[in-house]
Amino acid sequence: MSAIRVSNASWRSRRAFLRWLTSLLALPAFPGGAGAAISVRPDNYRRALASLRPGDTLVLTAGEYSRGLPLHELVGTPDQPIVIQGPEPPARAVFVARPGSHTVSLLDSAHVVLRNLVLDGRGLPVDGVRAEGHARWAHHVTLERLTIVNHGATQQNSGVSTKCPAWGWVVRGNTIVGAGTGMYFGDSDGSDPFFDSLIEGNRIVDPVGYGIQVKHQHGRPESAPGVDRSNTVIRRNLIVKSRVAAAPEQARPNLLVGHFPLAGPGAHDRYLVHGNLLFDNPSEALFQGEGNIALYNNLMINPRGEGVRIQPHNHKPREVAVFNNTIVAAALGIEFTGGEPGYERLLEHNLVFGNPPIRGEVAGDNFTDAYDRARAGFVRLDADPARLDLTPRTPLPEPHSAIGSQWLALPGADRDYLGRLRNAQQFGACARGGAGAAACR
């Protein structure tokens with residue numbers, strides 16, 4: 001550091017010098033010690049990023065941030081993550097998109113928490129959050145309470161996207177409106193796996209393409225943790241997709257999950273998809289999946305198209321259990337086809353209204369009826385998902401079959417969509433409640 005020279009010409013009084021020195025001391029020093037809380041503004045936050053250490057919290061004051069958020073080589077620890085957070089609402093820290101740069105850029109970072117930010121894409125062809133394709137990895141990243149808007153320049157622009165090996169993510173309580181794709185995890189060729197993660201409590205409204213897609217994957221990087229079986233959990237999300245696809249080849253489901261590696265590490269991984277509300281899709285099915293999946297306790301309503309397709313995409317369905325879902329579809333309710341031999345497949349205790357309700361190679365004990373009878377079957381079948389109540393209007397008969405204990409041991413499988421304990425075998429996601437019971441939506 002060069003010496004600071006103070007002369008009589010520069011400082012005419014000791015008082016002036018003290019004022020100058022005091023102003024220097026008032027500038028943020030951006031300490032890097034574990035547990036430091038560092039408050040920054042739109043004009044100085046970039047200088048603080050490189051100094052962050054495990055346990056630090058970078059607190060962004062309200063305002064407009066126009067220079068992006070590069071989270072490059074920031075590595076916390078499981079006990080001391082690096083936290084970057086905006087103010088509690090109604091105050092907002094708003095990051096506005098820049099041409100040619102993804103707003104939040106992740107590169108070789110781990111154990112990082114990002115919360116309480118607004119990401120405004122301004123209609124530019126960029127992503128809101130992107131784990132960069134040239135990164136080695138981005139693992140144990142938490143995205144909480146982000147609001148992501150105006151990222152719909154093209155169907156390829158996403159609210160959240162990973163293009164490098166990514167695992168241990170928690171994506172919770174975020175709102176994404178009008179994106180090209182709401183969340184896109186993995187790469188189109190299966191080379192960048194996304195696994196052992198939680199996608200929970202998000203609201204994705206009016207995407208051009210997918211609400212959420214998890215791509216198929218061919219293998220795992222050597223740096224990934226070695227476990228016999230991990231779960232990627234997708235639960236309690238709302239995905240509403242009202243747009244008609246611009247062309248048939250651009251039609252996408254609300255939620256699609258691709259297969260895990262066919263052999264080696266990750267081959268036994270599975271998706272646990274439960275407690276979600278998937279609503280409306282005029283051009284495709286609400287859900288499509290292959291590989292290893294447990295799909296249960298979901299509400300899926302499509303007044304203009306299909307419900308669920310378990311079918312080959314980049315490979316085939318393997319171990320798949322579809323149970324205790326409520327599905328209402330103007331077209332096909334559930335299709336179950338193309339499974340790889342040698343794996344268990346279960347289709348039980350679903351409540352399905354469709355045309356036809358169920359088609360495919362797996363049979364089971366399900367309650368089915370035609371779509372035009374669905375309105376009479378529920379307390380309120382409404383075009384507004386906020387007004388739905390998919391509680392059966394009258395008691396349904398009990399299933400004759402029993403679901404295996406290995407499936408009922410999955411998280412939340414012994415309860416209905418609202419979290420109420422199931423005291424008996426039942427069809428559908430919603431058990432009938434007593435007077436004053438909460439609406440099932």
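The values are calculated or read from the model by the stated rules, or taken from the named source; none is laboratory data. Nothing here was measured: the structure is a model prediction, and the numbers come from that model. Every residue, glycine as well, gets a Cβ built from its backbone with ideal geometry; the counts of neighbours run over all protein chains shown.
Somewhere in segment 215-231, is a residue buried (at least 21 other Cβ atoms within 10 Å of the Cβ), under 25 Å from Leu418 (Cα atoms) and within 18 Å of the chain's Cα centre (by Cα)?
No, because not a single residue in segment 215-231 is buried (at least 21 other Cβ atoms within 10 Å of the Cβ), under 25 Å from Leu418 (Cα atoms) and within 18 Å of the chain's Cα centre (by Cα).
For Pro357, are the conditions met, namely being more than 23 Å from the chain's Cα centre (by Cα), surrounded by fewer than 19 Cβ atoms within 10 Å (Cβ to Cβ) and over 18 Å from Ala439 (Cβ atoms)?
Criteria not met by Pro357.
State whether one or more residues within segment 272-295 are more than 18 Å from Val308 (Cα to Cα), outside any helix (DSSP H, G or I) and among the hydrophobic types (A, V, I, L, M, F, W, C).
Checked against the condition, which is being more than 18 Å from Val308 (Cα to Cα), outside any helix (DSSP H, G or I) and among the hydrophobic types (A, V, I, L, M, F, W, C), segment 272-295 yields no hits at all.
Going by the conditions given, is Ile239 in contact with a strand residue (DSSP E or B) (Cβ under 7 Å, 6 or more places away or on another chain), touching a residue at least 12 places away in the same chain (Cβ under 8 Å), among the aliphatic types (A, V, I, L, M) and over 21 Å from Gly133 (Cβ atoms)?
Values: in contact with a strand residue (DSSP E or B) (Cβ under 7 Å, 6 or more places away or on another chain): yes; touching a residue at least 12 places away in the same chain (Cβ under 8 Å): yes; among the aliphatic types (A, V, I, L, M): yes; over 21 Å from Gly133 (Cβ atoms): yes.
Criteria met by Ile239.
Asp280 fails exactly one of the following numbered conditions: (1) touching a His at 6+ places or on another chain (Cβ under 7 Å); (2) under 22 Å from Arg441 (Cα atoms); (3) of a type in the set (Asp, Glu). What is the number of that condition?
With (1) touching a His at 6+ places or on another chain (Cβ under 7 Å); (2) under 22 Å from Arg441 (Cα atoms); (3) of a type in the set (Asp, Glu) applied to Asp280, the lone miss is (1).
Quick check on this structure: which one of Val170, Val208 is modelled with pLDDT of 95 or more, more than 21 Å from Val94 (Cα to Cα), surrounded by fewer than 19 Cβ atoms within 10 Å (Cβ to Cβ) and aliphatic (A, V, I, L, M)?
Only one candidate qualifies: Val170.
Going by what's in this entry, would Pro248 be described as modelled with pLDDT under 95, closer than 16 Å to His140 by Cα and either surrounded by fewer than 20 Cβ atoms within 10 Å (Cβ to Cβ) or among the hydroxyl-bearing types (Ser, Thr, Tyr) (or both)?
no
Could you check segment 255-271 and list, in sequence order, the residues that are crowded, with 21+ Cβ neighbours inside 10 Å and more than 15 Å from His313 (Cβ to Cβ)?
Selection gives Gly266, Asp269, Arg270.
Just one of (1) within 30 Å of Glu222 (Cβ to Cβ); (2) under 14 Å from the mean Cα position of the chain (by Cα); (3) in a loop (DSSP other than H, G, I, E, B) trips up Val141, so point out which.
Result: Val141 fails condition (3) only.
What residue, of Ser191, Ser197, Ser161, is under 21 Å from Gly291 (Cβ atoms) and either at pLDDT below 95 or surrounded by fewer than 19 Cβ atoms within 10 Å (Cβ to Cβ) (or both)? Working first, answer last.
Working: Ser197 fails: either at pLDDT below 95 or surrounded by fewer than 19 Cβ atoms within 10 Å (Cβ to Cβ) (or both); Ser161 fails: either at pLDDT below 95 or surrounded by fewer than 19 Cβ atoms within 10 Å (Cβ to Cβ) (or both).
Selected residue: Ser191, the only one of Ser191, Ser197, Ser161 that is under 21 Å from Gly291 (Cβ atoms) and either at pLDDT below 95 or surrounded by fewer than 19 Cβ atoms within 10 Å (Cβ to Cβ) (or both).
Given (1) at negative phi; (2) within 17 Å of the chain's Cα centre (by Cα), where does Val126 come up short, assuming only one miss?
So the condition that Val126 fails would be (2).
Quick one: in segment 232-245, which of the residues that are among the polar types (S, T, N, Q) and buried (at least 17 other Cβ atoms within 10 Å of the Cβ) is nearest to the chain's Cα centre (by Cα)?
This residue is Asn237.
In segment 373-399, which residues are assigned to a helix (DSSP H, G or I) and surrounded by 13 or more Cβ atoms within 10 Å (Cβ to Cβ)? Working first, answer last.
Restricting attention to segment 373-399, the residues satisfying the condition of being assigned to a helix (DSSP H, G or I) are 373-377, 385-387.
Result: Ala374, Arg375, Gly377, Pro385.
Within segment 344-361, which residues are free of Cβ contacts under 8 Å to residues at least 40 places away in the same chain and not charged (D, E, K, R)?
Passing the criteria: Leu347, Phe353, Asn355, Pro356, Pro357, Ile358.
Checking Thr326 against (1) in contact (Cβ under 8 Å) with a residue 40 or more places away in the chain; (2) under 26 Å from Phe195 (Cβ atoms), which single condition isn't satisfied?
So Thr326 meets the others, but not (2).
Against the condition touching a Lys or Arg at 6+ places or on another chain (Cβ under 8 Å), surrounded by fewer than 16 Cβ atoms within 10 Å (Cβ to Cβ) and over 18 Å from Asn298 (Cβ atoms), how does Pro341 come out, does it pass? Walk me through how you get there before you give the answer.
Numbers: touching a Lys or Arg at 6+ places or on another chain (Cβ under 8 Å): no; surrounded by fewer than 16 Cβ atoms within 10 Å (Cβ to Cβ): yes; over 18 Å from Asn298 (Cβ atoms): yes.
No: the conditions fail for Pro341.
Name every residue in segment 363-372 that is under 20 Å from Leu295 (Cα atoms) and assigned to a strand (DSSP E or B), in order of residue number.
Within segment 363-372, Phe367, Thr368 meet the criteria.
Quick one: what pairs do we get from segment 416-432, first residue under 16 Å from Ala402 (Cα atoms) and touching a residue at least 40 places away in the same chain (Cβ under 8 Å), second part of a loop (DSSP other than H, G, I, E, B) and β-branched (Val, Ile, Thr), C-beta under 8 Å, 6+ apart or different chains?
Taking only residues 6 or more apart or on different chains, the pairs are Gln425/Ile403.
I'd like to verify a number: residues in segment 169-190 that are under 27 Å from Pro78 (Cβ atoms) and part of a loop (DSSP other than H, G, I, E, B), how many?
Total meeting the criteria: 5.
Could you tell me whether segment 285-300 includes any residue that is touching a Ser or Thr at 6+ places or on another chain (Cβ under 9 Å), of a type in the set (Gly, Ala, Ser) and either surrounded by fewer than 24 Cβ atoms within 10 Å (Cβ to Cβ) or under 26 Å from Gly209 (Cβ atoms) (or both)?
no
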